[in-house]
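Written below as structure tokens is the structure these notes are about.
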Amino acid sequence: MNSQNPKKKINQQPKSSSYCFACGKDNPFGLKLNILGDANEVHTTFTVKQRYEGFKDITHGGIIATILDEMIAWACRKRKLDILTAELVVRYKKKLPVGETIQAMGKIVQEHGRLIIGESLIKDSKGQIIATGQAKMLRVT
């Protein structure tokens with residue numbers, strides 16, 4: 001706790017970081033996702049490196065979940081919503097081989113006061129769905 005201000009608010013606006021594991025350009029271990037889009041939908045293309053392997057030659061499920069979460073977070077950011085993930089549900093449809101290039105998309109589907117509902121998905125290079133995500137995001141400002 002900050003000794004100069006012991007009643008510092010926890011709900012301060014989260015700031016983007018160049019060290020973000022998902023999109024930060026300065027994190028040597030990160031995904032370095034380049035996320036594009038607008039207030040309606042965001043998207044990215046990413047090739048999975050072997051360092052993100054779980055089982056042999058298969059992308060770790062946590063990496064897939066991270067991408068799905070990040071897509072929804074960026075959809076919120078494009079609407080200038082300051083949020084944190086409250087809940088993320090991931091549905092894995094098929095394995096994602098290491099070395100595969102994927103397309104990921106994310107969008108906001110509902111807004112209820114402080115609660116934002118978003119959806120995301122990841123497709124392989126053949127257009128088949130690898131995984132889908134639905135998240136509840138909580139406004140923090």
Identify all residues within the stretch 96-111 that are without any contact (Cβ under 8 Å) to a residue 40 or more places away in the chain and either surrounded by 14 or more Cβ atoms within 10 Å (Cβ to Cβ) or within 18 Å of LEU31 (Cα to Cα) (or both); write none if there are none. ILE108, GLU111
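Name every residue in the stretch 48-66 that is among the aliphatic types (A, V, I, L, M), in a helix (DSSP H, G or I) and modelled with pLDDT under 95, in order of residue number. Lay out the reasoning, then the answer.
Restricting attention to the stretch 48-66, the residues satisfying the condition of being among the aliphatic types (A, V, I, L, M) are 48, 58, 63-65.
From what is left, the residues that are in a helix (DSSP H, G or I) are 63-65.
The answer is ILE63, and nothing else.
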Per the filter on the stretch 112-122, residues assigned to a strand (DSSP E or B) and surrounded by fewer than 15 Cβ atoms within 10 Å (Cβ to Cβ) are HIS112, LEU115
How many residues are farther than 22 Å from ASP82 by Cβ, in contact with a helix residue (DSSP H, G or I) (Cβ under 8 Å, 6 or more places away or on another chain) and either exposed (fewer than 13 other Cβ atoms within 10 Å of the Cβ) or touching a residue at least 60 places away in the same chain (Cβ under 8 Å) (or both) when one looks only at the stretch 22-71? 1
Taking the stretch 28-56 and keeping residues of a type outside the set (Val, Ile, Thr) and under 21 Å from GLY127 (Cβ atoms) leaves LEU33, ASN34, LEU36, GLY37, ASN40, GLU41, HIS43, PHE46
Among residues of the stretch 76-99 being farther than 18 Å from GLN134 by Cβ and either touching a Pro at 6+ places or on another chain (Cβ under 8 Å) or among the small types (Gly, Ala, Ser) (or both), the residue modelled with the lowest pLDDT is ASP82
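The values are calculated or read from the model by the stated rules, or taken from the named source; none is laboratory data. Note that the structure is a prediction, hence the values are computed from the model and not measured. In this analysis, Cβ positions are derived from the backbone assuming ideal geometry, glycine residues included, and neighbour counts consider all displayed protein chains.
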